[in-house]
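Read the structure below first, then the notes.
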Amino acid sequence: QERGGNNSFTHEALTLKYKLDNQFELVFVVGFQKILTLTYVDKLIDDVHKEFRDKYRNEFQQKGTLGLLNGTFDFKDDFMRLLRDAEESSRVRAPTVMKTFEQSLKSQKTVKCMIETRGEKPKEKVKNKKNKSSKKEGTEAVAAPGKASVGDKQPSAAGEREELTKDEILQKNREEFFKRHMKAGEKSRSPKPEVQKEKGKKPRVWDLGNSNAKVLDYSNSATNGSAEACPVEEFDPDVALGDRNREPGRLYDLEYESDDEAEEEKVVQNPSKPSTKKGGLGGMFGMLKGLVGSKSLTREDMDPVLEKMKDHLIAKNVAAEIAVQLCESVAKKLEGKVMGTFTTVTSTVKQALQEALVQILQPQRRVDVLRDVMDAQRHRRPYVVTFCGVNGVGKSTNLAKISFWLIENGFSVLIAACDTFRAGAVEQLRTHTRRLNALHPPESHGGRTMVQLYEKGYGKDAAGIAMEAISYARNQGFDVVLVDTAGRMQDNAPLMTALAKLIAVNAPDLVLFVGEALVGNEAVDQLVKFNKALADHSMAQTPRLIDGIVLTKFDTIDDKVGAAISMTYITSKPIVFVGTGQTYCDLRSLNAKAVVAALMKA
């Protein structure tokens, strides 16, 4: 899975640590009990690597690695010696000893400086107190003249103008004071007309709205399990379907035209156009510039290229943490590898990164929904899919697209409306059901209604509704049950507990996480916390986690497709569906090479 950055692997009670030697294509592995804390493992594997490589270097170069391993070689004594050395080196390290009194700072102080007599206080405190008292006296001294100046202002004026007596000065000051306050009061006061408030509340009537509330009430318009619940709606099918020339029931791959293909087309279209590149020696030296020759790649050679690659991946919306791990994995994969004569470091690193990205987007487990539905049909039970994710990512919309795809492949679908929280969630699914029934009426399928909605309104227990819907689907012979859940943030513990309960109680065949292609670092946080919540709140010994990903809004990101890498890297789960538009036909399967081509585009 191209996780070379992590050099350890844990399986049950065992831990394996490994090291790669890319020059001779060797892997050194050491295994030990997980419960043991062996501090010398890293040193041991490094020493064995150096000793083995140096001892058999000439034979590797002559016979090749396979030639040596198919023969006989003696390394047991060397290994035992290195193991003893590593064990002894870990024992040699003595535990840290406490400092003696003579080594401490306290021993350097004299007895006299530590004696405190009653009534005296430490010098620092006395100094601080002196500073505070001096500041206080200073402020009082400043304030006193200020007061005096205010109080003595009038007498000084009286001294200058001896003709005014004390009483006359006071009277004049009072008049000036009242004048100032009267002016300020006139400015601040403004007459307000008294408005009589009408008692009671009146409902607001909108100009373009409907005053009759009964017209807007849709709560009792449907009953579960009847075709009349979702009457056929007349609308333009081109609006809902988009491309009419497509093959019904086929899930097309994502398409992306790389720069190389575009350049090839330009060359074919303009074969007679003369080349603008310089020829002669200049062109030859330009071609040879940057070539490495037959030498081993070092980390110093790759670091500048990897730094640019990391920045490029982050700019393409790959989570920063995952971009660093990917570059680290590529570095460990290439370090020590012998380069070809006419090969640049940049092209080698880029090719290795492309291969790593393609491998990440093609996880070991592949989800084939149609095959699994047919397998459930043979066992006479419905195939149950649960959708989960944060708010507003498009769970209900993509559920309707997947319903349409399943109907076109001949499977009947029951939609369970388990989003009992969001206003309008049930009505949204009801509208989708009406439209899907209009596109695939019962007359086209032998009188059988291909899609129905199972709903119990709002404020009910979602796990209970899902259980009832699955039971109803089993009794009525539905092929697939699609469970729509309420959007919830990954940090909301009560809602995550409710989701874990729904999955644990109903045990769906497929748990799909619906995520936006617009997010970057947030994708990692969402998936990690959703998986952690499902593991923590599940009562089973082997908790049920996310099985696959639905990547939505892929048509809004151009070539910033990094979220696909982030999501598959963090979970090792495949992207099952990709949403690319607003019509029912805008559903695609992931094409790993197309995504990587968009990601590597400059």
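Observations
- Look at region 457-471: where a residue is farther than 13 Å from Pro382 by Cα and a partner is open to solvent by 20 Å² or more (accessible area, probe 1.4 Å) and of a type in the set (A, V, I, L, M), sitting 6+ places away or on another chain with Cβ atoms under 6 Å, you get Ala463/Val505.
- Of all residues in region 415-452, those being closer than 23 Å to Arg488 by Cβ and aliphatic (A, V, I, L, M) number 7.
- Residue within region 348-364 that is polar (S, T, N, Q), touching a strand residue (DSSP E or B) at 6+ places or on another chain (Cβ under 9 Å) and more than 22 Å from Ile549 (Cα to Cα) present: no
- Any hit, region 49-65, residues being in contact with a Lys or Arg (Cβ under 9 Å, 6 or more places away or on another chain) and at pLDDT below 75: yes
- Any hit, region 456-473, residues being in a loop (DSSP other than H, G, I, E, B), in contact with a helix residue (DSSP H, G or I) (Cβ under 6 Å, 6 or more places away or on another chain), open to solvent by less than 50 Å² (accessible area, probe 1.4 Å) and not β-branched (Val, Ile, Thr): no
- Considering region 310-328, the residues that are open to solvent by less than 20 Å² (accessible area, probe 1.4 Å) and part of a helix (DSSP H, G or I) include one that is farthest from Phe342 (Cα to Cα), namely Ile322.
- Boolean, Ala331 is crowded, with 18+ Cβ neighbours inside 10 Å and either among the small types (Gly, Ala, Ser) or closer than 14 Å to Ser566 by Cβ (or both): yes
- Qualifying residue in region 527-548 (condition: under 20 Å from Tyr252 (Cα atoms) and either touching a Leu at 6+ places or on another chain (Cβ under 9 Å) or not assigned by the TED database to the domain that holds Cys388 (or both)): yes
- Counting only helices (runs of 4 or more DSSP H) that sit wholly inside region 504-602, those with at least 1 residues that are β-branched (Val, Ile, Thr) and open to solvent by 10 Å² or more (accessible area, probe 1.4 Å) are 521-536, 562-571.
- The set of residues from region 345-404 being closer than 27 Å to Leu599 by Cβ, open to solvent by less than 40 Å² (accessible area, probe 1.4 Å) and not in a helix (DSSP H, G or I) comprises Leu361, Pro363, Val367, Phe387, Cys388, Gly389, Val390, Val393, Gly394.
- Hits in region 474-486 - residues which are part of a loop (DSSP other than H, G, I, E, B) and either free of Cβ contacts under 8 Å to residues at least 60 places away in the same chain or surrounded by fewer than 21 Cβ atoms within 10 Å (Cβ to Cβ) (or both): Gly477, Ala486
- All conditions but one from (1) assigned to a helix (DSSP H, G or I); (2) touching a helix residue (DSSP H, G or I) at 6+ places or on another chain (Cβ under 7 Å); (3) open to solvent by less than 10 Å² (accessible area, probe 1.4 Å) apply to Val426; the one that does not is (2).
- Meets criteria (among the aromatic types (Phe, Trp, Tyr) and not assigned by the TED database to the domain that holds Ala425) for Phe387: no
- Scanning region 6-23 for residues being modelled with pLDDT of 75 or more and either of a type in the set (Asp, Glu) or under 19 Å from Asp54 (Cβ atoms) (or both) gives a total of 4.
The values are calculated or read from the model by the stated rules, or taken from the named source; none is laboratory data. Remember, it's a predicted structure, so these values are computed and weren't measured experimentally. Glycine also receives a Cβ, built like all others from the backbone with ideal geometry; neighbour counts cover every protein chain displayed. Ligands, DNA and RNA are stripped out before the accessible areas are found, and what is left, the full protein with its side chains, is counted by its heavy atoms. Shrake-Rupley method; radii C 1.70, N 1.55, O 1.52, S 1.80 Å.
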